[in-house]
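Below is one structure, written out as structure tokens, with a few remarks after it.
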Amino acid sequence: MLIRKLFKFENAHIVRNCSSDRCRRSIHGHSYKVEVLLEAHALDHGHMVYDFGLMKGTIRDVIDAFDHAICFWDKDEADYIAWAKTYSARWISLPVSPSAEQFSRLFFVLIDAILGNTEMRNGEQGVVLHSIIAHETETGYAQCFRSDAYNPQMGSIGLADIIFSEQCKAEWHDPAMLDKLLQQQRFINPTVPLQVTPER
């Protein structure tokens, strides 16, 4: 079974080397929609794949970090990167160009790491990230699957290569979230006192 949670944010970027002249040479923004699709073949004690409320924590924080931020490819011109850091408190340095395709891969890598380091405590079984859909416009989106996220032919994305500004991190519920991910520390979901004993 699949479940889907939709998130929204506003973001600015330049997509270098793309075919569209406006996109490759001018800073511009998009109203993004990101769909996070989770999969499991069993349900938890609440008869859910994964409680949507749990996705309002660390997963929402990492996506919200992109809101009202400027994203740039770390291979871009040094002057442009310095300008972005000077004039925007919210910036994110990426190891890949900030296209819709790469956004879908970035979110897959980040959220996959979050789920992989989360201790689930309400009978969840085999919950995995199925895919990420990143809508750049109303008519265009990119969908990333696991085989895409970790495909070096599409560019390598390591957690340590995604650098969030101090302002982005300060607005997380846990400003050390990324450090914890890098150190593979566990995120612990709340324990749920059962009101009705589940039948197996």
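Quick look at the numbers
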quantity	calculated
Which listed residue, of 40, 89, is within 20 Å of the chain's Cα centre (by Cα), buried (at least 16 other Cβ atoms within 10 Å of the Cβ) and aliphatic (A, V, I, L, M)	40
The stretch 150-168, residues that are more than 21 Å from residue 72 (Cβ to Cβ) and either touching a strand residue (DSSP E or B) at 6+ places or on another chain (Cβ under 7 Å) or surrounded by 12 or more Cβ atoms within 10 Å (Cβ to Cβ) (or both)	150, 151
Filtered residues of the stretch 52-85 (kept if in contact with an Asp or Glu (Cβ under 8 Å, 6 or more places away or on another chain), surrounded by fewer than 18 Cβ atoms within 10 Å (Cβ to Cβ) and in contact (Cβ under 8 Å) with a residue 40 or more places away in the chain)	64, 67, 68, 74
Condition met for residue 3 (β-branched (Val, Ile, Thr), surrounded by fewer than 16 Cβ atoms within 10 Å (Cβ to Cβ) and either under 21 Å from the mean Cα position of the chain (by Cα) or farther than 30 Å from residue 191 by Cβ (or both))	no
Single unsatisfied condition, residue 70 versus (1) among the hydrophobic types (A, V, I, L, M, F, W, C); (2) farther than 25 Å from residue 192 by Cβ; (3) not in a strand (DSSP E or B)	(3)
Strands (runs of 3 or more DSSP E) within the stretch 84-200 that include 3 or more residues β-branched (Val, Ile, Thr)	128-135
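Bear in mind these aren't lab numbers, they're just calculated from the coordinates by the rules spelled out. This one's a predicted model, so the numbers in the text were calculated from it and none came from an experiment. Every residue, glycine among them, receives a Cβ derived from its backbone with ideal geometry; neighbour counts consider all protein chains shown.
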